[in-house]
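Participant: Got a structure here, written out as structure tokens. Questions coming.
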Amino acid sequence: MKRKGILVIVSGFSGAGKGTLMKRLMEMHGEQYALSVSMTTRQPRPGEQEGISYFFVDTETFEKTIGENGLIEYASYCDNYYGTPRKYVEDMLEQGKDVILEIEIQGALKVKEQYPDALLLFVMAPSAEELKRRLVGRGTETEEVIRKRLIRASEEAEGIPAYDAVVINDDLDTCTEELHQMIRSAHYAVSRNLSFIDTMQNELKELAKGE
Ligand code: ADP
Ligand code: 5GP
């Protein structure tokens, strides 16, 4: 039986540690996962690499890609566009990989409409105070941007009930393994094995006829 890939959405407030977790997950278990690289109109942070962190584009290119139906979803977040290129996700799922989208909540809900079987995980820092400490400590945003992101976090918190599970990123390695185990377990869900179950039911019926 061909293994079917699961589409996994990882969301969380800015500064919760999503990017750090995804990097660790790929280091530990990269053979199983395909991490989607998003397109964005935001400026690169120091150290971010084109095609690895994001595809950094201008607004015109982004809107052109929307027009060509090249994105599975897109959203506006704190004055910039972010979107998920379609082709990579479709190709990797086809190859049986678990595809990870590290995206915000509006996009997550749009993906869920198209892929009802998607697994939605929400990453949180251990406390709001620690979240702010991490966001400030990262040192990549101005005070004004940090303020906007924290306001956005408080709005996003309202959407958490749409997710399947919440993970607390306290110790990085523990949280990485928790994410990995959740994704592994999701493969066993009845809802993700309907075609195998159907085949087995039909085979059993045939077998019963012969008895
Ligand atoms: P996000 O992608 O969710 O915005 P980042 O991965 O950039 O967050 O992490 C924000 C900051 O928090 C970074 O400086 C990162 O090094 C730090 N960080 C991430 N995970 C942890 C953790 N488990 N414990 C302490 N600091 C962490
Ligand atoms: P950042 O600017 O910190 O890299 O990302 C800001 C927010 O945009 C984060 O919540 C991140 O998960 C989200 N994001 C990144 N890529 C995408 C995407 O392709 N689509 C959507 N909807 N959100 C994204």
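The values are calculated or read from the model by the stated rules, or taken from the named source; none is laboratory data. It should be emphasised that the depicted structure is a prediction, and the values quoted were computed from it without experimental measurement. Here the Cβ positions follow ideal geometry from the backbone for every residue, glycine too, while neighbour counts run over all protein chains shown.
Participant: Enumerate the strands (runs of 3 or more DSSP E) found wholly within segment 60-157, keeping only those where 2 or more residues are among the small types (Gly, Ala, Ser) and touching a helix residue (DSSP H, G or I) at 6+ places or on another chain (Cβ under 9 Å). It would help to see each step written out before you state the result.
Facilitator: Details: elements: 71-77, 80-85, 98-102, 119-124.
The qualifying strands (runs of 3 or more DSSP E) are 71-77.
Participant: Quick one: in segment 1-27, which of the residues that are assigned to a loop (DSSP other than H, G, I, E, B), more than 11 Å from ligand 1 (Cβ to nearest atom) and in contact with a helix residue (DSSP H, G or I) (Cβ under 9 Å, 6 or more places away or on another chain) is nearest to GLU155 (Cα to Cα)?
Facilitator: Of the residues in segment 1-27, the ones assigned to a loop (DSSP other than H, G, I, E, B) are 1-6, 13-17.
Narrowing the set further to residues that are more than 11 Å from ligand 1 (Cβ to nearest atom) leaves 1-6.
If we keep only those that are in contact with a helix residue (DSSP H, G or I) (Cβ under 9 Å, 6 or more places away or on another chain) too, we end up with 1, 4-6.
Working: MET1: 43, LYS4: 34, GLY5: 31, ILE6: 28 Å.
In this case the residue turns out to be ILE6.
Participant: Of everything in segment 158-179 that's of a type in the set (S, T, N, Q) and assigned to a helix (DSSP H, G or I), which residue is surrounded by the fewest Cβ atoms within 10 Å (Cβ to Cβ)?
Facilitator: Residues of segment 158-179 of a type in the set (S, T, N, Q): 169, 174, 176.
Now drop any that are not assigned to a helix (DSSP H, G or I), which leaves 174, 176.
Values: THR174: 12, THR176: 23.
Top of the filtered list is THR174.
Participant: ARG24 - would you say it is over 14 Å from the mean Cα position of the chain (by Cα), touching a residue at least 24 places away in the same chain (Cβ under 8 Å) and either in the same structural domain as SER185 (by TED's automatic domain parsing) or under 21 Å from ASP91 (Cβ atoms) (or both)? Show your work before the answer.
Facilitator: Details: over 14 Å from the mean Cα position of the chain (by Cα): yes; touching a residue at least 24 places away in the same chain (Cβ under 8 Å): yes; either in the same structural domain as SER185 (by TED's automatic domain parsing) or under 21 Å from ASP91 (Cβ atoms) (or both): yes.
Considered against the rule, which asks whether it is over 14 Å from the mean Cα position of the chain (by Cα), touching a residue at least 24 places away in the same chain (Cβ under 8 Å) and either in the same structural domain as SER185 (by TED's automatic domain parsing) or under 21 Å from ASP91 (Cβ atoms) (or both), ARG24 comes out as yes.
Participant: Report, ordered by the first and then the second residue, all pairs with beta carbons closer than 8 Å, sequence separation of six or more or different chains, a first member in segment 119-141 that is of a type in the set (Lys, Arg), and a second member that is assigned to a helix (DSSP H, G or I).
Facilitator: Sorted first by the residue in segment 119-141, then by its partner, the pairs are LYS132/ILE146; LYS132/LEU150.
Participant: Also, quick follow-up: Among GLY30, GLY96, GLY47, GLY107, which is the only one that is within 27 Å of ALA186 (Cα to Cα) and within 16 Å of ligand 1 (Cβ to nearest atom)?
Facilitator: Working: GLY30 fails: within 16 Å of ligand 1 (Cβ to nearest atom); GLY96 fails: within 16 Å of ligand 1 (Cβ to nearest atom); GLY47 fails: within 27 Å of ALA186 (Cα to Cα).
It is GLY107.
Participant: Going by what's in this entry, would ALA128 be described as within 15 Å of ligand 1 (Cβ to nearest atom) and within 20 Å of the chain's Cα centre (by Cα)? I'd like the intermediate steps shown before the answer.
Facilitator: Working: within 15 Å of ligand 1 (Cβ to nearest atom): yes; within 20 Å of the chain's Cα centre (by Cα): no.
No.
Participant: Conditions: (1) in contact (Cβ under 8 Å) with a residue 24 or more places away in the chain; (2) surrounded by fewer than 18 Cβ atoms within 10 Å (Cβ to Cβ). GLN49 meets all but one. Number of the miss?
Facilitator: (1)
Participant: Evaluate segment 59-79: report whether one residue or more is exposed (fewer than 12 other Cβ atoms within 10 Å of the Cβ) and under 28 Å from THR176 (Cβ atoms).
Facilitator: No, segment 59-79 contains no residue that is exposed (fewer than 12 other Cβ atoms within 10 Å of the Cβ) and under 28 Å from THR176 (Cβ atoms).
Participant: Determine whether ILE160 is free of Cβ contacts under 8 Å to residues at least 40 places away in the same chain and either touching an Asp or Glu at 6+ places or on another chain (Cβ under 6 Å) or more than 15 Å from ARG24 (Cα to Cα) (or both). Reasoning before the result, please.
Facilitator: Numbers: free of Cβ contacts under 8 Å to residues at least 40 places away in the same chain: yes; either touching an Asp or Glu at 6+ places or on another chain (Cβ under 6 Å) or more than 15 Å from ARG24 (Cα to Cα) (or both): yes.
Against the criterion (free of Cβ contacts under 8 Å to residues at least 40 places away in the same chain and either touching an Asp or Glu at 6+ places or on another chain (Cβ under 6 Å) or more than 15 Å from ARG24 (Cα to Cα) (or both)), ILE160 qualifies.
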